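Taking it in order: structure first as structure tokens, then the write-up.
The values are calculated or read from the model by the stated rules, or taken from the named source; none is laboratory data. From a predicted model like this one, the values you see are computed outputs, not experimental measurements. Neighbour counts are summed over all protein chains in view; Cβ atoms, including those assigned to glycine, are modelled from backbone coordinates with ideal geometry. In case anyone asks, the SASA skips ligands and DNA or RNA and just uses the protein heavy atoms, side chains included. Shrake-Rupley method; radii C 1.70, N 1.55, O 1.52, S 1.80 Å.
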Amino acid sequence: MASDVEREAMEYDVVIVGGGPAGLSAAIRLKQIDENLSVCLVEKGSEVGAHILSGAVIDPIGLNRLLPDWRAAGAPLRTEVTEDQFYVLGQDGEIRVPNLLMPPLMNNHGNYIVSLGEVCRWLAEQAEGLGVEIYPGMAASAPIFGEGGELVGVVAGEFGLAHDGTPGPDYQPGMELRGKYVLIAEGARGSLAKILIARYRLQEGREPQKFGLGMKELWEVKPENFHQGRVTHTMGWPLPRRTGGGSFCYHFEKNQVYVGFVVHLNYPNPYLSPYEEFQRFKRHELIRPLLEGGKRVAYGARAITEGGWQSLPKLVFPGGALIGCAAGMVNVPRIKGSHNAMLSGAYAAEAAAAALAEGRAGDELGSYVEAVQGKGSPIRKDLYRVRNVKPLWSKLGLTLGVGLGGADMWLNQIFGTSPFTLKHGKTDAEATEPAAKHKPIAYPKPDGKLTFDRLTNVSFSFTNHAEEQRPHLLLRDPSIPIKVNLPIYAEPAQRYCPAAVYEVVGADGPDARFVINFQNCVHCKTCDIKDPSQNIDWTTPQGGEGPNYPNM
């Protein structure tokens with residue numbers, strides 16, 4: 001962002017950053033409470049939903065609270081789950097886990113397979129109908145602080161920075177969007193949230209946030225392979241024992257199936273490629289027959305918060321709050337977070353509206369914290385009962401860890417609690433081990449029909465970035481990739497990125513170079529999370545740029 005630039009300012013009661021379920025729910029709830037409140041929402045995607053990537057099986061609890069008449073209003077929840085399947089995969093076969101052994105919270109009865117992008121577009125229509133001002137294609141690139149250190153707004157809509165970060169010939173300074181309260185709803189590892197968490201020390205006393213990388217392909221399959229409403233989850237192969245993760249296959253509608261794979265980013269082996277593990281998974285005998293004869297329509301990738309209850313940061317700070325996945329409200333074993341995002345958005349809106357009615361501004365919204373973390377909160381109930389699943393899996397592996405995690409969920413189901421809360425310990429970056437402790441992994445070559453190389457798949461994310469702009473992937477120290485990460489970790493950015501953004505040219509020679517192909521970026525944020533030296537900062541590119549997901 002260019003400094004010392006004069007910008008026009010617009011004043012609102014509440015400014016919301018992010019057009020996902022949390023931000024849109026907050027906007028709607030504010031206007032439901034008081035139609036005279038001025039509410040502005042900015043979204044960095046070219047349209048609401050363009051950057052939304054999720055499984056997604058949605059629990060309608062949040063929608064029920066926000067818009068109880070959503071069915072009559074035409075919400076795009078059309079495919080109710082009809083069947084749950086759980087498998088543990090081995091290289092040469094699979095074992096189906098009986099549904100009766102699964103804790104009740106894993107049952108998807110009453111949930112819906114959706115395109116979350118489509119749901120968000122519908123929510124945006126509801127918000128605009130209530131008078132919310134929504135500005136897509138407007139990236140919020142920097143926070144604005146008041147004299148007392150409180151958050152008072154954001155800079156949005158800055159365009160035309162040159163490669164060196166200075167204003168180019170077509171520079172537009174953007175606007176200052178100022179609010180009495182600012183709600184941050186950027187999703188996992190948001191760039192503003194990262195700044196605010198550090199500035200206000202919101203993570204102090206909490207466990208480090210944990211993440212997974214979720215990759216997803218939308219397939220059109222042969223009619224005889226399609227079973228509308230079927231939900232299939234797997235664990236195990238092809239991931240090694242010390243690496244957590246799993247898959248999903250959701251039969252949506254019109255012969256479309258969402259096929260996805262999640263890899264927990266605390267994996268130790270720097271040679272592992274989450275993307276290649278996803279492609280290898282599709283070769284399994286359980287999955288290959290589903291996809292053969294079909295075609296891949298779209299691809300995308302996104303980081304997922306996985307730390308759960310013990311990793312929630314302090315939710316409020318002077319002038320604003322973190323809502324939804326910006327705070328990390330995903331239930332990991334359920335692979336669901338949209339319902340909690342919507343609830344948290346509504347709670348934050350209610351707290352902000354009450355504060356504004358009292359004539360307050362720029363302080364902490366304590367009632368929001370109580371609504372999320374108080375004993376009667378459905379968000380607390382949802383996250384607290386699964387809080388040990390992720391650390392058990394990480395510490396003990398698939399067989400013992402997941403088994404004990406299931407037992408812990410049953411204890412919570414039967415007795416309402418379990419006697420301990422486990423810690424996560426290391427960050428995902430710190431979990432990466434030196435390459436000398438591991439062997440390179442030989443992945444099969446893509447066949448172009450069932451499996452694909454990264455660059456080909458990235459073209460199906462429809463991502464786009466203007467080449468002449470300032471790159472949005474910044475190195476704190478440009479020498480570290482070659483001098484540190486390459487000799488110690490075999491520079492894992494070449495492999496953990498699911499969009500082939502990073503490459504090392506001439507790795508075996510004295511003139512090795514680290515190349516950043518930022519035009520390929522699908523905004524997953526994995527580099528910002530997994531880089532072992534924490535040398536990469538993901539920042540917002542110009543608004544409207546990045547992926548353009550069709551119904552993902």
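Subtract the Cα-Cα distance of T456 and V505 from 0.36 nm times their separation in residues, and report this length gain in nm to one decimal.
15.6 nm
Alpha carbon centre of segment 35-71 versus segment 268-306: separation in Å?
Between the Cα centre of segment 35-71 and that of segment 268-306, the gap is 27 Å.
Principal axis extents for segment 499-552, Cα atoms only, whole Å, descending order, please.
Largest to smallest, the principal-axis extents are 45, 21, 20 Å.
How much net charge surrounds A353 when only other residues with a Cβ under 9 Å from its Cβ are counted (Lys, Arg +1; Asp, Glu -1)?
Net charge around A353: -2.
Show S311, S54, S367 ordered by accessible area, largest first, where the area counts protein heavy atoms only and the probe is 1.4 Å.
S367, S54, S311
Does the chain come out rounded, prolate or oblate by the C-alpha gyration tensor, with a ≥ b ≥ c the root eigenvalues, rounded set by a/c under 1.5 and, if not, prolate when a/b is larger than b/c and oblate if not?
Rounded is the answer for the chain, as its axis ratio a/c remains below 1.5.
Determine the share of segment 464-552's accessible area contributed by carbon and sulfur atoms, expressed in whole percent, with a 1.4 angstrom probe.
For segment 464-552, the apolar C and S fraction of the accessible surface comes to 48 percent.
Over the alpha carbons of segment 1-125, what is the largest minus smallest coordinate on each principal axis, giving the biggest first in Å?
63, 39, 22 Å, listed from the longest principal axis down.
Which three numbers, in whole Å and largest first, are the semi-axes of the equivalent ellipsoid of segment 195-238 derived from its Cα gyration tensor as √(5λ)?
41, 14, 10
Determine the relative contact order of segment 131-259: mean sequence separation of Cα pairs under 8 Å and six or more apart, normalised by residue count, in whole percent.
15
Over the heavy atoms of K437, what accessible area does a 1.4 Å probe trace out, to the nearest 10 Å²?
Accessible area, nearest 10 Å²: 140 Å².
Report the Cα centroid-to-centroid distance between segment 188-215 and segment 341-364 in angstrom, as an integer.
22
Calculated FRET efficiency, N36 and R241, Cβ-Cβ r, R0 56 Å, to nearest 0.05?
0.45
Could you work out how much longer the chain between D363 and L411 gets when fully extended? Use 0.36 nm per residue separation minus the Cα distance between them, nm to one decimal.
Difference between extended and current length: 13.3 nm.
Amide H of V297: which non-local residues (sequence gap of 5 or more, or other chain) have their own amide H closer than 5 Å, using H built in the peptide plane?
L218, W219, E220
How much accessible surface area, in Å² rounded to 10, belongs to the heavy atoms of T166 with a 1.4 Å probe?
Approximately 60 Å² for this residue.
Running Debye on segment 153-251 with equal point scatterers at the Cα sites and no solvent, what base-10 log of I(q)/I(0) appears at q = 0.14, 0.21, 0.22 Å⁻¹?
So the normalised log intensities work out to -0.91, -1.15, -1.21.
For segment 392-510, what is the convex hull volume of its Cα atoms per residue in Å³?
Per residue, the Cα convex hull of segment 392-510 comes to 232 Å³.
For segment 243-330, just the Cα set please: Rg and Dmax, both in angstrom.
17.1, 55
With a 1.4 Å probe and all protein chains kept in place, how do D170, D537 rank by accessible area, largest first?
The most accessible residue leads, giving D170, D537.
What's the long-distance tail for segment 87-146, i.e. % of Cα pairs beyond 16 Å?
So the portion of pairs separated by more than 16 Å is 73 percent.
Rg/Rh for segment 257-389: what does it come to with C-alpha atoms and Rh from Kirkwood?
Over the Cα atoms of segment 257-389, Rg/Rh equals 1.11.
Using a probe radius of 1.4 Å on heavy atoms only, what accessible surface per residue do you get for the chain? Whole Å² is fine.
39
Could you tell me the center-to-center distance, by alpha carbons, between segment 80-149 and segment 487-507 in angstrom?
About 30 Å separates the Cα centre of segment 80-149 from the one of segment 487-507.
Using a 1.4 angstrom probe on heavy atoms only, work out the carbon and sulfur share of the accessible area of segment 373-446 in %.
62
Excluding residues on the same chain fewer than 8 positions from K282, give the aspartates and glutamates whose Cα lies under 20 Å from its Cα.
Of all the aspartates and glutamates, those that pass the test against K282 - Cα under 20 Å, at least 8 places apart if same chain - are D84, D92, E94, E217, E220, E224, E292, D447, D453.
For K483, K180, K336, give me the order by solvent-accessible area with a 1.4 Å probe, most accessible first, ignoring ligands, DNA and RNA.
Descending accessible area places them as K483, K180, K336.
Rounded to the nearest 500 deg cm²/dmol, what is the calculated helix-only ellipticity per residue at 222 nm for the chain, with -39500 (n - 2.57) per DSSP H run of length n ≥ 4?
That calculation yields -6500 deg cm²/dmol at 222 nm.
At 37 °C and a viscosity of 0.692 mPa s, what translational diffusion coefficient does Stokes-Einstein give for segment 444-539, taking Rh as the Kirkwood radius over Cα pairs? Give it in µm²/s as a whole number.
230
Would you mind telling me the antiparallel percentage of the DSSP bridges in the chain, rounded to 5?
70
Averaging sequence separations of C-alpha pairs under 8 Å and six or more residues apart, then dividing by the length of the chain, give the relative contact order as a whole percent.
Rounded, it is 21 percent for the chain.
So what's Rg/Rh here for segment 409-462, counting alpha carbon atoms and using the Kirkwood radius for Rh?
1.26
Here is the link list: K44/K525; K437/K483; K314/K395. Which ones come out longer than 22 Å on Cα distance?
K314/K395
Viscosity 0.692 mPa s, temperature 37 °C: Stokes-Einstein D of segment 173-308 from its Kirkwood Cα radius, in µm² per second?
188
Report Rg/Rh for segment 242-287, rounded to two decimals, where Rg is the Cα radius of gyration and Rh the Kirkwood radius.
1.05
In Å, the Kirkwood hydrodynamic radius of segment 104-202 over pairs of distinct alpha carbons?
After inverting the pairwise mean of 1/r, the radius is 16.7 Å.
What length, rounded to one decimal in nm, is gained on full extension from T166 through to M10, with 0.36 nm per residue of separation minus their alpha-carbon distance?
53.7 nm
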